[in-house]
1. When the C-alpha atoms of the range 422-521 are aligned to their principal axes, what extent does each axis show, in angstrom, from largest down?
2. Let me know the charge dipole size of the range 319-426 about its Cα centre in debye, to the nearest 20, where only the beta-carbon of Lys, Arg (+1) and Asp, Glu (-1) is charged.
3. Label the range 563-761 by shape, choosing from rounded, prolate and oblate, from the square roots a ≥ b ≥ c of the eigenvalues of the Cα gyration tensor; if a/c is under 1.5 it is rounded, and otherwise prolate applies when a/b is larger than b/c, oblate when it is not.
4. For the chain, just say rounded, prolate or oblate: build the C-alpha gyration tensor, square-root its eigenvalues into a ≥ b ≥ c, call rounded for a/c under 1.5, and beyond that prolate if a/b exceeds b/c, oblate if not.
5. Can you tell me the dipole magnitude for the range 19-92 around its Cα centre, using point charges on the Cβ only (Lys, Arg +1; Asp, Glu -1), in Debye to the nearest 20?
6. DSSP loop (so not H, G, I, E, B), at most 14 other Cβ within 10 Å: list which trypsin sites (Lys or Arg not before Pro) in the range 675-732 pass both filters.
7. Hey, got the dipole for the chain? About the Cα centre, +1 on K and R Cβ, -1 on D and E Cβ, debye to the nearest 20?
8. Using helices alone, I'd like the mean residue ellipticity at 222 nm for the chain: each DSSP H run of four-plus residues gives -39500 (n - 2.57), total over residue count, nearest 500.
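FYI, it's all coordinate maths here, none of it is from the lab. For clarity, every value in this text was computed on a predicted model and none was experimentally measured. Every residue, glycine among them, receives a Cβ derived from its backbone with ideal geometry; neighbour counts consider all protein chains shown.
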Amino acid sequence: MAEYTPMIKQYLAIKADYQDAFLFFRLGDFYEMFFEDAINASQILEITLTARDGGADEKIPMCGVPYHSAAGYIEQLVNQGYKVAICEQTEDPKQAKGVVRREVIQLVTPGTVMEGKNLLDKENNFLASITRFLDGHFGFALTDLSTGENRVSLLSSNFEDVIGEIYANGVKEVVVPSDLEEMFKKAMIDRCQVTISHEDNCEIADHVKQLTNHLDDEKLVLAFGRLLNYLIKTQKRSLDHLQQVQVYYTNQFMKIDLYSKRNLELTETIRSKGKKGSLLWLLDQTVTAMGGRLLKQWIDRPLLNKNEIEARLNMVQTFINQYFERLELRDLLKEVYDLERLAGRVAYGNVNARDLLQLKKSLEQVPGIYNLVTKLEHPYANNLGNQMDLCESLTDLLQRSIKESPPMTIKEGDIIKDGFNDTLDQYRDASRNGKTWIAALEKQEREKTGIKSLKIGYNRVFGYYIEVTKANLQFLPEGMYERKQTLTNAERFITPELKEKETLILEAEEKIVQLEYDIFLTIREQVKEYIPRLQSLAKVISELDVLQCFATISEERHYCMPHFSEDKLIIKDGRHPVVEKVMQAQEYVPNDCVMEQGHSLLLITGPNMSGKSTYMRQIALTSILAQIGCFVPASEAVLPIYDQVFTRIGAADDLISGQSTFMVEMLEAKNAIVNATSRSLLLFDEIGRGTSTYDGMALAQAIIEYIHENIGAHTLFSTHYHELTDLEAALKNLVNVHVSAVEENDNVVFLHKIKEGAADKSYGIHVAKLAELPDNLIERAKEILNQLEQGEKQIAVTREDSMDLSNNLQLSFFEESKASYQKEEKPITSKEKDLLKSIKEMDIIGLTPLEAINRLYEIQKQLKA
Ligand code: ADP
Ligand code: MG
């Protein structure tokens, strides 16, 4: 068998180290891919698959992308979760003996992108790592390479916590030890759609020790070490912008598990998974990208410390009061670019002059912001003001050095201002003077020779020349004119004088370009020194931005300042912030919610579509808003500081998991019950729906009793089991409330108003009517309902009784049917017999009203057919 060519052997050797990445192998002006990579990439990128002779018997599959347009293709792959190893020629092909040396210079992965479309302004791009310690606990580290933020935390041994953190931070890629159990990897891939990468080295090298040497727990250091080593290995370049690692503990913040976060649509909606329609979307009145990212982080981590919360709230109040200052601040902030990412790119070495201009422009706003903030005379504001590093010397440097409209590239000059560098000025003088001198020479030569059309020109090959048309050649004096080039109608000459100037001018120009490039790099190095200062400035600015955003939204939507109490909750005229905003034509009906004097459990009944779920969520969102330091959608609010919020939705209503299994519902309920404390907020929305009536009702009741007896958490429990409202008599902390609806001319009108006491009826059939099911079907459903309701008292006891009930029911149903058929004096057909039999066997108790209607509809359709 023939051997592969040396180049293919080289390819295979490099590829062996990058099995899980597409290897972009530089060949002249192209990045080529071979073998499997080529086959896969040609499909994903929709590029032509070809083949190449690689020395072996079979041709090698190959595809490639041009070097200059590679960025877009890389972006496309990374966006889909793939990794791309960029392999360059690392020696001059002319000097190479044999195959040109090649090396991977960077591994681009979903968690390490530094620029391009994959990097959204208002979103962090987090890479995480997990480390499992001997005691089973997980270390969790996070980095955003584009901003340089680093965090690390110790989580419990419950993997759900890891999943929760991955979700909360929108992590794109997770670095794990190679021996991590497959089950964990699978959970992360399936539930969080992350890319998995491996790194086993957790030792932190000396040159990066300063990132972690303030950490006192070795576990934290190890946890971050894995992440850092992965970065060093994949990025192979300066990571000077990485910030000191911040330790955080999940118990410093209100805990909202993954399921609840999704359900409350904090940062993305359930259906579209987009920001629009989420709480984040509603709140986002930030003007800077940094502020936008901080807002999302705050929403993900509501505070627990009352002082910290109130400090934010007071600042929001100040911004509401100081309307004009707030407007001015917004205007200033609009001119502030993304300092964090600019800093990141400075360190990374990929900023151009335009980026530095953005930096300059941003810094020019800072003194104005500083003045404004200190003028507010508010302790929080003053504190922020004191933290502001104006970086004036940097502003000055950039103002003096960078021209106003520099080109994109940094290698063609035209970047540095006059007066910044003496040598550069001299070269520029030489070049400019030279040009003036040449213009003068042209004039002089014309006069001397009397040839009006004589001109001095320049081209790359021959340099400067004096051009004389053939017709005029006779007028040219003999001697100093040396012939350089002959054209069809003209001759080109050079003189010693011109030659001398030419050398000066060309040298100057060459030197200018080179010197400008060098100066630019020096400036970039100087800017690098400022990175930590820029990063801390960015923090202050983003905080100001989020606080003004809270003020803006609170004012615009008439929110009120919440107050805190140990254990009571009183919300007057509460609204669901997002539903209220998206409702256009109709008015949102505000609702109160009161839990005090030990009344910690509200049992909510009311027809379908009346507003139970919305009401419950609005309580949770109000608490979250308050604990992130924003005003709340109510006219008055006194709230406890909740340590955790749980929302649980009955499987029948569950839009989220898509797997409406009852098991999931119960697991989620278990998680909530096990983890909740007396300081938590629990929302149970129609729990027990996913199983048959008896089961469901029994479970719902048992859960309520359990919470009542053992947890004591503030709980909102909505149910369609009216029987449960009887619990009010037995459980002293339970209060019945209902969402009211009225019947008008046999139609139900939802008032969306929460009232005391239990609802008297389920209006499912009315909803069916609203949905315009056929009239006779609705009539039929009403009859059935009546009969069901008559039997209801018997339902409450045991299975055997329920058998009796269904027998009775089916009998009367049967007789009635018979009666109606007798009227028409038609014999019962066999099809009808079958239908009756199927009705007889139906488990009516186990059906929801809607299911009952659907069955009825089917039956009727078949009868009519
Ligand atoms: P339920 O959980 O009782 O079935 P939902 O909470 O899902 O009802 O609410 C049904 C619809 O009613 C919502 O989509 C919303 O448009 C509307 N709604 C709910 N609460 C209100 C309210 N307070 N004011 C106005 N409309 C409301
Ligand atoms: Mg509901």
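1. Principal extents (largest minus smallest coordinate, Cα): 53, 24, 20 Å.
2. The dipole magnitude comes to about 300 debye.
3. rounded
4. prolate
5. That gives a dipole near 200 debye.
6. Answer in residue order: Lys732.
7. 2280
8. Details: 28 runs with 398 residues, N = 865.
Taken over the chain, the calculation gives -15000 deg cm²/dmol.
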